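Contents: one structure, followed by commentary.
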Amino acid sequence: MNPVAFFFLIGVFSPLITYNLYILTLYLRTRFSKDPDYVKYPKYLIIVAKVHRLMMGFNPYYTKLSKPAKRLFISRVIHLMVFKRFVGRQGLQITIEKKIMVIGALVQLTFGLKKYTLPKFNFIALYPSSFFSTVLNHQVKGLTYRKGALLFSWYDVVKGYTIHDDNLNLALHEWAHAFIMDHYDHATYWVYARLNKSLDNLDDLYADMQTYRDSQNYLRDYAFTNTHEFFAVCVEHFFETPAKFNQRYPELFKDLCTVLNQNPLNHENDYAFTVK
């Protein structure tokens with residue numbers, strides 16, 4: 001081959017090869033990364049106890065986990081607290097307990113996944129209660145911005161974990177928005193074929209359910225605002241009333257099990273999801 005042609009081909013294809021290697025590295029790093037185990041270190045003893053106490057008091061999802069799974073849950077909470085920046089608004093003071101409650105919802109949402117950190121979403125602002133959004137021009141309880149910020153009403157975060165079966169959980173709702181945005185904005189999103197197929201199925205089910213939304217009295221009307229709100233509202237129902245959800249919409253329930261790689265009905269086995 002002519003040397004000029006050879007180096008020309010190298011110049012053309014090397015960026016493509018480099019990009020593919022980068023994507024492969026990202027995928028393998030996510031797929032085979034190990035969870036840190038903070039529970040075994042004495043210096044984390046106090047924070048481990050705080051996470052356990054709060055989750056036992058507020059989060060029924062956590063209470064049903066086995067001891068090893070609780071250990072993993074706690075370690076993920078501590079790990080994420082290092083990377084997520086919290087800011088209090090309107091005079092609200094940020095405490096470790098507030099961080100644990102908010103991050104605990106993210107750990108719950110992504111507990112079945114290797115890719116659980118949502119690294120893009122590292123800024124969290126807490127307001128005492130509902131707050132005015134200049135973007136939407138009305139009061140809101142929470143917001144998720146694609147650039148990587150989440151805003152919560154602290155009052156409603158606590159309320160979401162005080163009443164366990166009303167299908168209203170602000171923390172899970174906003175983290176569900178972040179989960180979808182993080183997935184589709186991630187460089188390797190197209191690698192996750194099964195996940196993408198299930199998300200496509202959710203979009204199709206959303207379109208189908210629009211035709212008889214008035215006749216169903218399970219999902220609240222806000223679910224039918226758009227596909228993102230549909231997913232977020234479904235996540236709330238998925239964790240708070242899973243048996244009823246599965247009875248009413250078994251196909252939708254199974255798709256959510258696939259997306260999150262967990263089955264909230266299988267609390268005997270740490271919510272493990274088995275594909276049938």
>> Being under 25 Å from V102 (Cβ atoms) and modelled with pLDDT under 80 narrows it down to one residue among L199, L172, L168; which is it?
In response: L199
> Restricting the range 19-36 to residues that are closer than 28 Å to I100 by Cβ and modelled with pLDDT of 50 or more, which is surrounded by the fewest Cβ atoms within 10 Å (Cβ to Cβ)?
Replying inline: K34
> Given the structure, is Y271 modelled with pLDDT of 95 or more and hydroxyl-bearing (S, T, Y)?
Replying inline: yes
> If a residue has to be part of a helix (DSSP H, G or I) and within 23 Å of A178 (Cα to Cα) to count, how many in the range 261-276 make the cut?
Replying inline: 0
>> Give all pairs with beta carbons closer than 7 Å in which a residue from the range 250-276 that is among the polar types (S, T, N, Q) meets a residue that is in a helix (DSSP H, G or I); count only pairs at least 6 apart in sequence or on separate chains.
In response: T258/R194; T258/S198; N263/C257
>> All but one of (1) in a loop (DSSP other than H, G, I, E, B); (2) in contact (Cβ under 8 Å) with a residue 40 or more places away in the chain hold for L205; state the number of the condition that does not hold.
In response: (1)
> Within the range 219-260, how many residues turn out to be outside any helix (DSSP H, G or I) and either touching a His at 6+ places or on another chain (Cβ under 7 Å) or surrounded by fewer than 19 Cβ atoms within 10 Å (Cβ to Cβ) (or both)?
Replying inline: 5
>> What pairs come out if I take residues in the range 231-247 that are under 19 Å from D182 (Cα atoms) and pair them with residues that are among the aromatic types (F, W, Y) whose C-beta lies under 7 Å away, six or more apart or interchain?
In response: V233/Y222
>> Being in contact (Cβ under 8 Å) with a residue 60 or more places away in the chain and either within 18 Å of the chain's Cα centre (by Cα) or more than 21 Å from E236 (Cα to Cα) (or both): is that true of K115 here?
In response: yes
> Inside the range 37-156, counting only helices (runs of 4 or more DSSP H) that do not spill past its ends, which hold 2 or more residues that are in contact with a Leu (Cβ under 9 Å, 6 or more places away or on another chain) and buried (at least 21 other Cβ atoms within 10 Å of the Cβ)?
Replying inline: 67-83, 96-109
>> Given the condition in contact (Cβ under 8 Å) with a residue 40 or more places away in the chain and farther than 30 Å from P242 by Cβ, answer yes or no: does some residue in the range 55-65 qualify?
In response: no
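The values are calculated or read from the model by the stated rules, or taken from the named source; none is laboratory data. Quick caveat: nothing in here was measured; it's all calculated off a predicted structure. Ideal geometry is used to build each Cβ from the backbone, glycine not excepted, and the neighbour counts take in all protein chains shown.
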